[in-house]
Structures are given as structure tokens and as C-alpha cells.
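What follows is a single structure, written as C-alpha cells, with notes after it.
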Amino acid sequence: MSRIGRQPIAVPSGVTVNADPGLFRVKGPRGELTVPFNSELSIRQQDGQLLVERPSDRQEHRALHGLTRTLVANAVKGVSDGFTINLELRGVGYRARLVGRNLELTIGFSHPVVIEPPAGVTFAVPEPTRIDVSGIDKQLVGQVAANVRKVRKPDAYHGKGVRFVGEQIALKAGKAGATGGKGKK
């Protein structure tokens, strides 16, 4: 058995689930999500928990077992609690602000960069150097956060740019000969 796939998924109160063959629907206080999955697998509800089961021990079924369980668990967590990814800006004069729903970044270009969030994702700017990306779909929130980071990746020499909170950047050393004074005349 898959170690991940065999773990039950707790269904919080206020969340309703519906598992048809090949399509899992979950509705909660934050919204509604649908997760397509392989129709050979089955999802059943038992004692307030969801169990993902596979028909055989074939390699294909074993591979899909843990994946399906994780996707279903993420959907259940998303509609009940939601997901948030925090980003930070590092650099002199780098700042972010909200203009309506859109995120406006001033990050060293000659113009501000405006990013429009897709449906289901919201931006928050608690500080001018911090951005919170929130939503119910874990994959979409992660993709939007990666796209924001991609606008100005952290510099390898100074560490300036957009990074995830807590992300460690391995800085490169500068030129070794820049401080030497011998041999120059």
C-alpha cells in the first residue's frame, strides 16, 4: 500500500463532498472545487473521513493512489482553510502596492509592473515589502506566486529581488581582483 494513499482525509464540519467516478466535488465556506481523477480509483466517505482506494497493486494504480489522495486532501483543506504564500521584496526602493485587485510592483525597472490576479486568487500587501498570495486552489496559488517571483528573481550577487519568505539565496562572491592594488601603475 502507498503510505500517503492509505491515510484517511478528515472532513471538517461545514464541508460537503461528492465523489462520482472520475470526479470529486467539494464545497466549503471558502468556495467550491472539483478534482478530476482516474475513474479506476474510488473515493468513499466513512465516519467523517475520506478513503482513496485502488483496485490492484499494478504500478499504474500505485502511482495514482498517493497523487489522488493528495489532490483530494488539498481540495478539502482549500475550501475550509485556504492557502497563502508569502513573498518579500529585497532591494533599495523596491515596494509593492495594491491598485484595486491588481498588484503594482516598483522593483528597479523604468516602469511599475502591474500583475492582475486570476479568478480565485487575491493579493494582500500588509507592508510595502511583503506580498501575500491567497486562494483555495493550492496549485493556482503556487503558480501565481512563482509568476510574481519570476518578474524579478533574486540577484545572485546582492540578493535583491522578489523571494519567498524564508528562502535562502546562496550569494556568489564578487570579483577577486577588484580590491588588489599591486601591479597597477
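Any read-out appearing in this document is the output of simple, stated calculations on the displayed coordinates, not a laboratory observation. Just so you know, these numbers come straight off a predicted model, no measurement behind them. FYI the Cβ positions are ideal-geometry reconstructions off the backbone, even for glycines, and counts take in every protein chain you see.
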Candidates PHE109, PHE24, PHE164; GNM for the chain (alpha-carbon contacts under 10 Å) flags as most fluctuating PHE109
With the label point 7 Å along the Cα-to-beta-carbon line of SER13 and a cut-off under 16 Å to each amide N, the hits in region 35-65 are 48-49
Quotient of Cα radius of gyration and Kirkwood radius for region 17-61, i.e. Rg/Rh, equals 1.02
Checking PRO55, PRO12, PRO117 against a Gaussian network model of the chain (alpha-carbon springs below 10 Å), the top fluctuating residue turns out to be PRO55
For the chain, averaging the sequence separation of alpha carbon pairs under 8 Å that lie six or more residues apart and dividing by its residue count, the contact order in percent is 17 percent
Reviewing [x] 15.9, 51; [y] 22.7, 84; [z] 22.2, 80, the figure for Rg and Dmax of the Cα atoms in Å actually calculated from this model sits under [y]
For the chain, the longest principal axis of the Cα atoms and the Cα long axis of helix 138-151 enclose an angle in degrees, to the nearest 10, of 10 degrees
At R0 = 25 Å the Cβ-Cβ FRET efficiency linking SER42 and ARG101, nearest 0.05, sits at 0.05
Filtered pair list for the chain (Lys only, Cα < 24 Å, 8 or more apart or interchain) has a length of 13
Simple SL model, points at 7 angstrom along Cα→Cβ for GLN168 and ASN147; separation in nm is 3.1 nm
Between the residues HIS111, THR122, VAL92, the Cα farthest towards the positive end of the dipole of region 83-164, that dipole coming from +1 and -1 charges on the beta-carbon of Lys, Arg, Asp and Glu, is from VAL92
Mean Cβ-within-10 Å packing, highest first, puts peptides 135-146, 87-98 in the order 135-146, 87-98
Measuring from its Cα centre, region 83-164 shows a charge dipole (+1 at each Lys and Arg Cβ, -1 at each Asp and Glu Cβ) which, in debye to the nearest 20, is 220 debye
